[in-house]
Amino acid sequence: MTGCREVHVMMKSLLLFLMMVFVVSATAQQKPHYTQYIMNQYIINPALTGIENYVDVKLSHRLQWVGILDAPVTTYLTMHGPIGKQDEKTTATSFRKDGYNPRGKDYWEEYTTSRPHHGWGLQVINDRTGPLNNFSAMGTYAYHIGISNKMNLAAGLGLGFSNISINADKLEFYNSSVDPAVYNSGLINNVRFDMNAGLYLYSSNFFVGLSGLQLVPSKIDFSNNNISKKDSKHIPHFFATTGYRFLLGADFNFTPSILVKQVDPAPIQFEFNAKLQYLDVMWIGGGYRVDDGITAMLGLNISNTVNMGYSYDYTTSKLNNFSRGTHEIMIGFTLGNKYGDSCPRNVW
């Protein structure tokens, strides 16, 4: 019996160690995926802070790898708006008339860059995997300037904190001498300073973005006991995005986009997406994340103040043997929408 108990304790210790390596080591991605990033690029690039004429609020909840016990669950709230933005109402950004596409040919022809202005924003993100939880809060700022009659450039910065914690109540040990820092504490926290930065070039029909998240590397260490991996640390995540909007007839817009993610030393990850939008009413889309999965998306602009989106990820890796896919839902609110825009003017 004693031998079996020792083996059980060793297996528990090994399980904890592997979980730590998987979630917070330098070889693993530490930031969550966002399938609907195209509908809220602000979540990966602070340069979009204040890009629209209104305060843009987004709530999202993501259930990853449904069917796998203690799989990642990500919830976030984002909010950002302009400061001193003085757009002239000379473009097709008012309420839609019957039979008229507010993102059609007239909109592209009449599009003009915004006058220089600032933006403010807030991001609150909670990402949980089993007993490990990563909570972060960040304030963001951006400055937007027109560099030509049709093109804008924005630079943004985010400053805040993140807190990685272990909930020891979810861990079971038969011997209190094993991993005492976990055994004797209900919750162990690691709080650190965090910083994001980004650039965003955009016009009426294309965008190019570059951003870096978690730019301040720091060691992850819950205690001086043996629960932490010696070389574990927060590492930067870098993103590049680009997309182009094509007008298809009088009623439809088609927007293919690419996201490239680099998290050293993991391989560079590519994600290809496409979205087809009908007027300013609804959209459908799909995507492919190389060596990971395929996605399907749909959304609806309920009014000029409320919009919703849903996505489903089908896993193509070996995890598909255990997972029933990933669900992500997002609801948005446009507060102070002075032009009555029923869909975003500068992001899609």
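Readers should treat all values here as calculations from the given coordinates under stated rules, not as data from a laboratory. The shown structure was predicted, so the numbers you read here are calculated from the model rather than taken from an experiment. Note that each Cβ is placed from the backbone with ideal geometry, even for glycine, and that neighbours are counted across all protein chains shown.
Summary table below
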{"item": "Potential lengthening between residue 248 and residue 262 on full extension [0.36 nm per residue; Cα-Cα distance subtracted]", "result": "1.7 nm"}
{"item": "Potential lengthening between residue 282 and residue 327 on full extension [0.36 nm per residue; Cα-Cα distance subtracted]", "result": "14.3 nm"}
{"item": "Flagged links, alpha-carbon separation over 19 Å, of 85/150; 31/318; 31/261", "result": "31/318"}
{"item": "Under Karplus coefficients 6.51, -1.76 and 1.60, residue-wise ³J(HN,Hα) of the stretch 188-198 in Hz, glycine/proline x", "result": "10, 10, 9, 9, 8, 6, 9, 8, 10, 8, x"}
{"item": "Relative packing of 292-304, 261-273, which averages over residues the other C-beta atoms within 10 Å, highest first", "result": "292-304, 261-273"}
{"item": "Rh (Kirkwood; distinct C-alpha pairs) - the stretch 237-276, Å", "result": "11.5"}
{"item": "Summed residue charge, Cβ within 12 Å of residue 39's Cβ, Lys/Arg positive, Asp/Glu negative", "result": "0"}
{"item": "Formal net charge of residues neighbouring residue 329 (Cβ-Cβ distance under 13 Å; K, R +1; D, E -1)", "result": "0"}
{"item": "Amide proton proximity set for residue 206, modelled H, under 5 Å, gap of 5+", "result": "245"}
